[in-house]
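Engineer: Mind having a look at this structure? Questions to follow.
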Amino acid sequence: MPNIAGTLVPAQITAVCPRCHVNRVMFATGTLTYWCGGCEYEVTIGAGGSPLATSALTTAGATALPFASGGTQFSPGQYLYYAGATPEIVMVTGATSATSVPVNALQYNHATAQNVSLATPVLTLTSVENINNAPPWGF
């Protein structure tokens with residue numbers, strides 16, 4: 001999976017756009033901001049709610065998320081939002097167990113008891129001023 005140069009942030013993810021409501025490729029514009037490959041609106045990636053699990057302590061460069069239980073809620077290919085003081089997006093890279101989820105290498109250290117959930121895009125309000133309205137014939 002390609003990353004933003006010099007970081008572990010995924011250069012693109014696939015998610016349902018909150019504006020055009022279609023599963024689209026989202027291209028990274030920052031650590032947690034992406035733009036939709038369809039409608040070109042900028043979105044911020046955040047917590048998707050469910051499934052949700054709480055990870056134990058992890059360090060930068062780790063390639064697995066440790067859980068007391070709940071790791072099996074995630075599937076290979078899903079993007080996860082790892083909350084905390086330095087939130088980031090990671091991708092599940094292999095088969096999961098109840099106590100471990102393999103992911104691409106973590107960018108940051110994370111304290112214990114951090115929430116991990118499916119990554120979900122939400123519209124970034126500041127982008128509305130930067131992009132023209134939808135054409136009258138739609139997308």
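The values are calculated or read from the model by the stated rules, or taken from the named source; none is laboratory data. Because the structure is a prediction, the values reported are computed rather than measured. Here Cβ is always computed from backbone atoms with ideal geometry, including for glycine, and neighbour counts include all displayed protein chains.
Engineer: From GLY38, GLY61, which residue is on the phi > 0 side of the Ramachandran plot, surrounded by fewer than 18 Cβ atoms within 10 Å (Cβ to Cβ) and assigned to a loop (DSSP other than H, G, I, E, B)?
Structural biologist: GLY61
Engineer: Do we find that ALA98 is touching a helix residue (DSSP H, G or I) at 6+ places or on another chain (Cβ under 7 Å), assigned to a loop (DSSP other than H, G, I, E, B) and at pLDDT 85 or above in this structure?
Structural biologist: For ALA98, the condition - touching a helix residue (DSSP H, G or I) at 6+ places or on another chain (Cβ under 7 Å), assigned to a loop (DSSP other than H, G, I, E, B) and at pLDDT 85 or above - is met.
Engineer: Return yes when PHE74 is farther than 20 Å from GLN12 by Cα and aromatic (Phe, Trp, Tyr) and no when it is not.
Structural biologist: So PHE74 fails the test.
Engineer: Looking at (1) β-branched (Val, Ile, Thr); (2) touching a strand residue (DSSP E or B) at 6+ places or on another chain (Cβ under 7 Å); (3) surrounded by fewer than 18 Cβ atoms within 10 Å (Cβ to Cβ), which is the only condition VAL101 fails?
Structural biologist: (3)
Engineer: Additional query: Would you mind stating whether THR14 is in a loop (DSSP other than H, G, I, E, B), over 13 Å from VAL101 (Cβ atoms) and either of a type outside the set (A, V, I, L, M, F, W, C) or over 13 Å from the mean Cα position of the chain (by Cα) (or both)?
Structural biologist: no
Engineer: Among the candidates GLY77, GLY84, GLY71, which residue alone is surrounded by fewer than 19 Cβ atoms within 10 Å (Cβ to Cβ) and over 20 Å from THR33 (Cβ atoms)?
Structural biologist: The unique qualifying residue is GLY77.
Engineer: If you don't mind, another one. Check whether at least one residue in the stretch 66-81 is farther than 16 Å from VAL122 by Cβ, of a type in the set (Val, Ile, Thr) and at pLDDT 90 or above, and report yes or no.
Structural biologist: No - not one qualifying residue is present in the stretch 66-81.
Engineer: Does PRO121 qualify as being in contact (Cβ under 8 Å) with a residue 24 or more places away in the chain and closer than 19 Å to MET26 by Cα?
Structural biologist: Taking the combined requirement at face value, the residue satisfies it.
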